[in-house]
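The values are calculated or read from the model by the stated rules, or taken from the named source; none is laboratory data. Note that this is a predicted model, so its numbers are computed, not measured. A quick note on method: Cβ atoms are made from the backbone with ideal geometry, for glycine too, and the neighbour counts reach across all protein chains shown. Just so you know, the surface numbers come from the protein's heavy atoms only, side chains and all, with ligands and any DNA or RNA stripped out. Shrake-Rupley method; radii C 1.70, N 1.55, O 1.52, S 1.80 Å.
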Amino acid sequence: MIRNDVTITPELVAEHGLKPDEYQRILDLIGREPTLTELGIFSAMWNEHCSYKSSKKWLRTLPTTGDRVICGPGENAGVVDIGDGQAIIFKMESHNHPSYIEPHQGAATGVGGILRDVFTMGARPIAALNALRFGEPSHPRTQHIVAGVVAGVGGYGNSFGVPTIGGEVNFDPSYNGNCLVNAFAAGLADTDKIFYSEAKGVGLPLVYLGSKTGRDGIHGATMASAEFDHDTEEKRPTVQIGDPFSEKLLLEACLELMASGAVIAIQDMGAAGLTCSAVEMGAKGGLGVELNLDMVPCRETGMSAYEMMLSESQERMLMVLDPKREKDAEAIFHKWGLDFAVIGKTTDDLRFRVMRHGELMADLPIKDLGDQAPEYDRPWIATPKRNAVAIGDVPAPNDLGETLATMLALPDMCSRRWVWEQYDHLIQGNTAIGPGGDAAVIRIGEGPKALAFTLDVTPRYCAADPVEGGKQAVAECWRNLSAVGAEPLAITDNLNFGNPEKPEIMGQFVGCIQGIGEACRALDFPVVSGNVSLYNETNGKGILPTPAIGAVGLLPDVSQRATVAFKAADETIVLIGETTGHLGQSIYLRDILGRRDEGTAPVVDLAAERLHGNFVRSEIRAGSLTAVHDISDGGIFVALAEMAMAGGMGATLSTPDDLPLHAWGFGEDQGRYLVTLPEKALAHFLGRAEMANVPAICIGQTGGKQLTLGAGTPISLERLTQAHEGWLPNYMAQAVEV
């Protein structure tokens, strides 16, 4: 008989993030008042972070299958076949609210959580990336948050032993009270040795693996599903504490145990800890679960059932074990100095029972906790269309070169070297292209195969036109992979938005999903995993819509890869793609002229993206191109400057005939690349482009130590490099603890 240990009041229900109608749904489901432990379990399972109750309807519209897809959304991570009996397993996930409250631990445990998602499925992690978004630099907390987040990402990844090879860093006032920390990880596995979380078999032992349970992280998932108010200090106990060295031990122990054949099902204890892992394993397998919390290893005394079920202590796993292999499994974990405890069993009655000190603390229908969580079709309003900006209404700068230098020193455009030099991007010894280019490349073992990785989204485009912004995020990843010579395989997404109960915010979400889906279908670029992070608001002010996309591509031969750096003097620079001088939502309009919210996002021609990407990739693999760079923020001039700075070599550009030079150079039309090649190979290259119906024009020549932008005054590479490299380290040198 279950005993009600407290009186459930409306205030207590609200504290658990449940609406009155949701609580009534609980009463109808179980036919009685829940215990405090049961209320906590429902709170954990029915919040946005775990149930996707506001987003499920729209996530179902995304394309999730393909010739190479082994496992799409619904597991710990997506699985994609890369040939030769191997698979790449990857996912991206947010740790936004924890990183604002406690930047170092919030970011560190975000990295730890996404690494566990990957190795839970039997993969050894080979790469980590991150997409970080902070408030405006002048905000009093921004420096502190940047320093803590970067230290947390680097400290965890470096200690664990995975190369952190790329990502994004942006600044915007919309993130002042709500930074974004989106962590990506990828691992390599054999296609016949992939492990899933679905429990199988009745009466089998449920085993707790890893570190001990403490009181850290309680209500972490619920906190991640609510807006912030002005005071975050009181939420500090909801942030987990990470230990990368324990996670490394957990990795090795899990992989050894998996190789032994003892594992039937395995699940990371991430958001909502023991509750979510146990419920998901049972519900997926159509089984019940019975837990005896007296057997759970704890590092603190006197923990209640409520605390143990909601703790989000890190570096823990839950497993259904072959009972014949229990002693062997225990020996493996003890060898690695980790806890191993049988804490329950699977049952055939579809109930979720929790015992503590001989008393029944929870007895709930397991399917209703997982599969039957609430699902909402929230009202939404499409984002109003903005007026286009005419080129004639955008004045040219007095000095193109100095304007370019100013642009390269902007917080959103400057070098991220200060960040990625704190990450070990060479550990494991397989990094072929590290941070700073279009995509990073990791060699698979001794090669010749390699994998390329990139993250991207342009939030200002998504705010102006969510559909085009969603398309552009996917297309930008497609270009980044193509620019290094990789065949785009699949994506993961991390959909960061404000309060979905506001129709205008839900409209942003719906529009971005529509754009992402359209692009993925057009490019055969399926979504295999992801995460939704809603309620990214503080005091009612939401972030820019930020649907970050992570993408993976395959290089059959790592030697056939391209980088952005100019390689030699007197080579021809060729522009691939059409240029109309689109200045709406451009960096030039927003940051140089201060016209922040003007204009439409650039239109993404998905057929052209596919055509241009396929052509560039084929030319890279044929060895005809010496440098390749996709054109994105800041347009042709910024892409050119990045190629020049990377190669330590200047260039001279010709003047376009049909557009004002500033619109041609700073416009942000999509589907474009800059490539270089020797003069002797030019004629044949242009002929192949014409046959493929790919626009290609010669726009300049490499050489010297300065950039000459049409008829403008040349600017030295030294001046551009100082501007580009100086802002972030100078800014962080002024950082103070807040």
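The table that follows gives values for the structure above.
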quantity: Test for residue 410: is it in a loop (DSSP other than H, G, I, E, B), among the aliphatic types (A, V, I, L, M) and at pLDDT 95 or above; calculated: yes
quantity: Failed item in (1) closer than 15 Å to residue 368 by Cα; (2) open to solvent by 70 Å² or more (accessible area, probe 1.4 Å); (3) in a loop (DSSP other than H, G, I, E, B), with residue 67 passing the rest; calculated: (1)
quantity: Of all residues making up segment 52-76, the number that are closer than 20 Å to residue 278 by Cα and either touching an Asp or Glu at 6+ places or on another chain (Cβ under 8 Å) or modelled with pLDDT under 90 (or both); calculated: 2
quantity: Matching residues in segment 683-738 - criterion: being of a type in the set (A, V, I, L, M) and farther than 26 Å from residue 569 by Cα; calculated: 691, 692, 728, 732, 733, 735, 736, 738
quantity: Filter result (of a type in the set (A, V, I, L, M, F, W, C) and modelled with pLDDT under 90) within segment 1-42; calculated: 1, 2, 6
quantity: Cβ-Cβ under 8 Å pairs, at least 6 apart or on other chains, segment 278-297 side within 22 Å of residue 195 (Cα to Cα), far side in a loop (DSSP other than H, G, I, E, B) and polar (S, T, N, Q); calculated: 280/197; 281/197; 284/197
quantity: Unique match (being in contact (Cβ under 8 Å) with a residue 12 or more places away in the chain, surrounded by 15 or more Cβ atoms within 10 Å (Cβ to Cβ), in a helix (DSSP H, G or I) and of a type in the set (Asp, Glu)) among 93, 22; calculated: 22
quantity: Hits in segment 25-49 - residues which are surrounded by 22 or more Cβ atoms within 10 Å (Cβ to Cβ) and within 33 Å of the chain's Cα centre (by Cα); calculated: 37, 38, 39, 40, 41, 42, 43, 44, 45, 46, 47, 49
quantity: Out of 80, 111, 150, 146, sole residue that is over 21 Å from residue 497 (Cα atoms), part of a helix (DSSP H, G or I) and either among the charged types (D, E, K, R) or open to solvent by less than 20 Å² (accessible area, probe 1.4 Å) (or both); calculated: 150
quantity: Checklist (1) at pLDDT 95 or above; (2) of a type in the set (Val, Ile, Thr); (3) open to solvent by 30 Å² or more (accessible area, probe 1.4 Å); (4) closer than 23 Å to residue 593 by Cα applied to residue 655, failing item; calculated: (1)
quantity: Filter result for residue 468 (in a helix (DSSP H, G or I), among the acidic types (Asp, Glu) and either crowded, with 24+ Cβ neighbours inside 10 Å or touching a Gly at 6+ places or on another chain (Cβ under 8 Å) (or both)); calculated: yes
quantity: Members of segment 566-585 found to be among the small types (Gly, Ala, Ser) and crowded, with 20+ Cβ neighbours inside 10 Å, listed by number; calculated: 577, 581, 584
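Residue-by-condition table, conditions (1) touching a Ser or Thr at 6+ places or on another chain (Cβ under 7 Å); (2) open to solvent by 20 Å² or more (accessible area, probe 1.4 Å); (3) aliphatic (A, V, I, L, M); (4) modelled with pLDDT of 95 or more:
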{"residue": "348", "(1), (2), (3), (4)": "no, yes, no, yes"}
{"residue": "373", "(1), (2), (3), (4)": "yes, no, yes, no"}
{"residue": "380", "(1), (2), (3), (4)": "no, yes, no, yes"}
{"residue": "399", "(1), (2), (3), (4)": "yes, yes, no, no"}
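Each row is one residue, and each column tells you yes or no for (1) among the acidic types (Asp, Glu); (2) within 20 Å of the chain's Cα centre (by Cα); (3) farther than 24 Å from residue 370 by Cα.
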| residue | (1), (2), (3) |
| --- | --- |
| 13 | no, no, no |
| 79 | no, yes, no |
| 95 | no, yes, no |
| 117 | yes, yes, no |
